[in-house]
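The values are calculated or read from the model by the stated rules, or taken from the named source; none is laboratory data. Because the structure is a prediction, the values reported are computed rather than measured. Ideal geometry is used to build each Cβ from the backbone, glycine not excepted, and the neighbour counts take in all protein chains shown. Only protein heavy atoms, including side chains, enter the accessible area calculation; ligands, DNA and RNA are left aside. Shrake-Rupley method; radii C 1.70, N 1.55, O 1.52, S 1.80 Å.
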Amino acid sequence: MNPGAKKILLAGLTFAVVYGLLNNVSSIFLLPSAPIISLRPQIALPMAAGILVHPLAGLITGFAGNMFGDAISGLGAFQFWNWHIANGLMGWIPGLVGYGGIRRIGTVREFGILQMSLVGASAAGVAAAVALDVLFIHLLTFPSSFPSWILPAFLTDAVNGFILVPVILLLARRIRLTLETRTILMITGLLLVSILATAGAITWAVLDDLVSHSAMVENFYIAAIVSVLLLIAGFIAAIIFVRKVTDPLASLAHAAQAVEQGNYDLPGLAGVSARADELGRLARIFEQMAGKVREREKTLQRQVDELKIIIDREKQAQDVSEIVETEYFRALKEKARKFRET
Amino acid sequence: MQCLFYTAAGFDKEDAMPEIIAIHSFRGGTGKSNTTANLACLLARQGRRVGIVDTDIQSPGIHVLFNLDPKDAPHTLNDFLWGKCDIGSAVYDVSRVLGAGKKDNLFLIPSSIRTGDIARVLHYGYDINLLKEGYQKAIEQFALDYLFIDTHPGLNEETLMSIAIADTLLILLRPDQQDYQGTAVTVEVSRQLDVPRMFLIVNKVPAALAGDALAAKVTAAYNCEVAGVLPHADEMMALGSSGLFCLAHPDAALGRALEDILRRITA
């Protein structure tokens, strides 16, 4: 179902207003030493709008929302226009993946693509903002802007999106709760909790030092980068782990479907039945079962083939003539002929 | 001339000529009465007006399937054949088996179960023209679209009459060597009686054997179209003639096979 242009515009602008307001609210909670880039849960809004409504709705939410936020905060609607574009891209890119490709997430693969698109969109948005600044605005300075602007912008957007967008999609029932998605959601959740708890504990421990000693800030960001890399590595590891469990199940489902359609050759199951674990056992039992069904099928087929309808033609002719050559039959035939004609 | 031809052939399906369908089997126990009753019921449920005649005067039984108590049926086919009543008074509305409140589209002409009546008909016999006239009258009086004739197994004179009268003959057989030879004789005799349309129905087939392969074998052996292969149904056995299968189990494989048969024979 394609929403009309009016619906896209309306949804985009509505989300944009909320986004702009939230930009101003959440900037109260500033990240240490990154006074302008703040904790930004609202970045999930353009991303979700892009996925749930339309890529263009995501673009409008990010672009117009950022502009509106800047306008009411006193920064001016147009001063940081490159960041409007950055936020627009963050709504548009996940929309392209989520809207065009994956209507409803049901596999680990689809979930992985979605999450990576959020990280990728954050990177692409920040990269675009930086490039436009270098070309036209000339506000950033290198390398000092890197830890103070560019990196925090990417990290906050990527992490916020990574955590919140799946929650929104779950609430919007755009994630089908399959064995795969349940497992990956659970593992992702555990991963996030442990990494965020660690990062939070470290931040809390060095908070005083962070405020007073600017030299510590770079160390802090190194820790943040390591955390995000860990998050991504852990996520990829989780995907591999989950697929190790769910791929054999998919093979088993395919095999069951094949048997249901009368095909008992199950080459796709060989890999699974070679496993030493419970799934391997299940696959081996399934193969044996399919073999038995095939045997029974063959026996039945043979029974049909062997079924012979033996008719003694000589006796048949004799019995028939005994009936049809009677006077009664002749008379009957004549009467039947008569009333069939009328 | 062409116009007349179209009218006579029932060009308009709604005005199609009423059809007499006889159901026969060479041996007993093939499920003749059950199949007849179920086919009739399915047609009636499609809104057709259907009659059934029990010509199995020696061993009548189909009335049981329609819950028609012989006490409630003072007049029977026997009475008509002796000239004791007109055919109309031997016709009983049994539509209520189709559902509460249903009436006026399923009718039964039972045979007498009194042994004296049975012996008398068998002794004196009856004439095919009388029988044919009776059917014709019943068809007209009750505006029937189909009249099913449930016959006595074998090839006695009464059975031959039913075959001779029928527009369509359905011959039931089981996948059993005992049935094959007699069915071959029946098919040949019916051909000699010039039955316009003849189909075989293989009944009580073990579910695993029921299929196109068996139908093809039977078709080849008898050179006669197979209208259907009916699987043996435990549910039918469980009913034990206490009701009609097609109504009790409308979605069972047997019910679907019966509907396929109807589509073929009424095509």
All lysines inside 19 Å of A:K338 as judged from Cα atoms, apart from same-chain residues fewer than 8 positions distant: B:K132, B:K137
Please tell me the relative contact order of segment A:191-342 in percent, rounded to the nearest whole number, where contacts are Cα pairs under 8 Å and at least six residues apart. 12 percent
Over segment B:206-267, what is the relative contact order in whole percent, taking alpha-carbon pairs under 8 Å and six or more residues apart? 32 percent
Which shape class, rounded, prolate or oblate, goes with segment B:79-119 when its Cα gyration tensor gives a ≥ b ≥ c as root eigenvalues, a/c under 1.5 marks rounded, and past that a/b bigger than b/c marks prolate? oblate
Relative packing of peptides A:150-160, A:327-337, A:174-184 - highest average C-beta neighbours within 10 Å first: A:150-160, A:174-184, A:327-337
Between A:D312 and A:R337, Cβ-based FRET efficiency (R0 30 Å, step 0.05) works out to 0.50
Given 10 °C, 1.306 mPa s and a Kirkwood radius over Cα pairs, the Stokes-Einstein diffusion coefficient of the protein assembly as shown in µm²/s is 50 µm²/s
Return the percentage of antiparallel bridges among DSSP beta bridges fully within segment B:159-267, rounded to the nearest 5 %. 0 percent
Hey, if you put +1 on the Cβ of every Lys and Arg and -1 on every Asp and Glu Cβ in chain B, which of B:G134, B:I23, B:G255 ends up farthest toward the positive end of that dipole? B:G255
Other chains near A:330-340: what is the mean number of their Cβ atoms within 10 Å of each residue's Cβ? 5
What is the Cα centroid distance between segment B:111-180 and segment A:38-84, reported in whole angstrom? 87 Å
Just to confirm the number: angle between the C-alpha axis of helix A:215-260 and the first principal axis of chain A, 0 to 90 degrees, nearest 10? 0 degrees
Rounded to the nearest 0.05, what FRET efficiency do B:A216 and A:E325 have when you use their Cβ-Cβ distance and R0 = 35 Å? 0.55
So, over other residues within a Cβ distance under 14 Å of A:Y19, counting Lys, Arg +1 and Asp, Glu -1, the net charge is -1
Quote the relative contact order of chain A in percent (integer), defining contacts as alpha-carbon pairs under 8 Å separated by 6+ residues. 13 percent
Once the other residues with Cβ under 10 Å from the Cβ of B:K103 are scored (Lys, Arg +1; Asp, Glu -1), what is the net sum? 0
Placing +1 on the Cβ of each Lys and Arg and -1 on the Cβ of each Asp and Glu in the protein assembly as shown, which of A:L118, A:A223, B:M161 has its Cα farthest towards the positive end of the resulting dipole? A:A223
Please give the charge dipole size of segment B:96-207, origin at the Cα centre, charges +1 on K and R Cβ atoms and -1 on D and E Cβ atoms. Round to the nearest 20 debye. 420 debye
Nearest 10 degrees, 0 to 90: what angle lies between the long axis of helix A:179-212 and the longest principal axis of chain A (Cα atoms)? 10 degrees
Roughly how crowded by other chains is peptide A:311-317, in terms of the mean Cβ count from those chains within 10 Å of each of its Cβ atoms? 4
Summing -39500 (n - 2.57) over every DSSP H run of at least 4 in the protein assembly as shown, dividing by its residue total and rounding to the nearest 500, the 222 nm mean residue ellipticity is -19500 deg cm²/dmol
Is there a quick way to get the dipole size of chain B? I mean about its Cα centre, with the Cβ of Lys and Arg at +1 and of Asp and Glu at -1; what is the value in debye to the nearest 20? 320 debye
For peptide A:301-308, the mean count of other chain Cβ atoms within 10 Å per residue Cβ is 4
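So in the protein assembly as shown, what percent of DSSP beta bridges are antiparallel if you round to the nearest 5?
10 percent
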Ignoring ligands and nucleic acids, what accessible area does A:H138 show with a 1.4 Å probe (Å², nearest 10)? 120 Å²
Projecting each Cα onto the charge dipole of chain A (Lys/Arg +1, Asp/Glu -1 at the beta carbon, about the Cα centre), which of A:A336, A:V108, A:L170 comes out farthest on the positive side? A:A336
Magnitude of the charge dipole, segment A:237-317, Cβ model with Lys/Arg +1 and Asp/Glu -1, debye to 20: 100 debye
